[in-house]
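To keep things clear, I will list the structure first and then write my remarks on it.
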Amino acid sequence: MTEKSCDTLEQSEEFARRCTVLEENYKRICDRIAQAAVRSGRKPEDITLLGATKTVSPELINHAIGLGLQHIGENRVQELMDKYDALLPCDKQFIGVLQTNKVKYLIGRVSLIQSVSSVHLAQEISRLSQKAGVITPILLEVNVGKEASKSGFLPEELEENVASVAALPGLRIDGLMAIPPICDQKAQLEQYFSVMNEYFIDIKSKKSDNVNMNILSMGMSADYETAITCGATMVRIGSLLFGSRILHH
Ligand SMILES: *Cc1c(COP(=O)(O)O)cnc(C)c1O
């Protein structure tokens, strides 16, 4: 056997092993999502699982799609573009930090931009969506812990910024997204998630034009059940589903 085919055999065994782990993870996560939904007085189908696919190969993402995963989210525009044509049909979203000069690559390619963190960015999405003749659904990212290291609207600015962004043509606000600070205490984490749910309900109740609050995207591998219990309608799960990024990059 040549060295090359040895390599390939090892790789295919490794891939098969990762597929098996993915299948177990996917089933377990779906079960837990369903249970958390019921605990929060909702139905399993009220919660959307989004696979956070940064660093995950298109082959493994496709295996997840084959298992039933319907939504994926990428963090980097270049990585999304690189994988795009290799992916089986699925709903693709953008969840990462977005520079205005990269917006052009996302318009018409993703169904939702979750990480809109400034009016300036929303204006660029608006401009390019109008040019393309499309309406781009977006979420407003909230910096719920007011962390200097994170982007997003500050809670106290949220109301006026919802109004400014909703006034822009070519886009529609479909909800809110947040990544709370790392918390030692579960109670503290619940407080961040619950306060996000309050903003979500409050903005929804205003029934403003061009604001269609039906997605509250919060919760990741470490805290998705807590997020659901506190009101999340969408969880974004990466490592718990696909395996550790450090080992497999
Ligand atoms: C990576 C990422 C996730 C998933 O993180 P895990 O801890 O691996 O589940 C969710 N949301 C965003 C914005 C991410 O960048």
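The values are calculated or read from the model by the stated rules, or taken from the named source; none is laboratory data. This is a predicted model, so every value here is computed, not measured. Glycine gets a Cβ as well: all are built from the backbone with ideal geometry, and neighbour counts include every protein chain shown.
Figures for the structure shown
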{"item": "Verdict on Pro137 being over 17 Å from the mean Cα position of the chain (by Cα) and over 28 Å from Lys27 (Cα atoms)", "result": "no"}
{"item": "Lone unmet requirement of (1) of a type outside the set (A, V, I, L, M); (2) away from the ligand (no atom under 16 Å from the Cβ); (3) in contact (Cβ under 8 Å) with a residue 60 or more places away in the chain for Gly108", "result": "(3)"}
{"item": "Top-ranked residue of the stretch 172-228 - restricted to ones that are basic (Lys, Arg) and in a helix (DSSP H, G or I), ranked as farthest from the chain's Cα centre (by Cα)", "result": "Lys186"}
{"item": "Residue in the stretch 232-247 that is hydroxyl-bearing (Ser, Thr, Tyr), under 27 Å from Gly108 (Cβ atoms), part of a helix (DSSP H, G or I) and at pLDDT 95 or above present", "result": "no"}
{"item": "Residue in the stretch 193-212 that is within 30 Å of His63 (Cα to Cα), within 16 Å of the ligand (Cβ to nearest atom) and among the aromatic types (Phe, Trp, Tyr) present", "result": "no"}
{"item": "First in the stretch 69-97 and within 16 Å of the ligand (Cβ to nearest atom), second anywhere and of a type in the set (Asp, Glu) and outside any helix (DSSP H, G or I), Cβ under 6 Å, 6 or more apart", "result": "His71/Asp91; Leu80/Glu74"}
{"item": "Test: residue in the stretch 153-171 that is more than 21 Å from Pro137 (Cα to Cα) and within 12 Å of the ligand (Cβ to nearest atom)", "result": "no"}
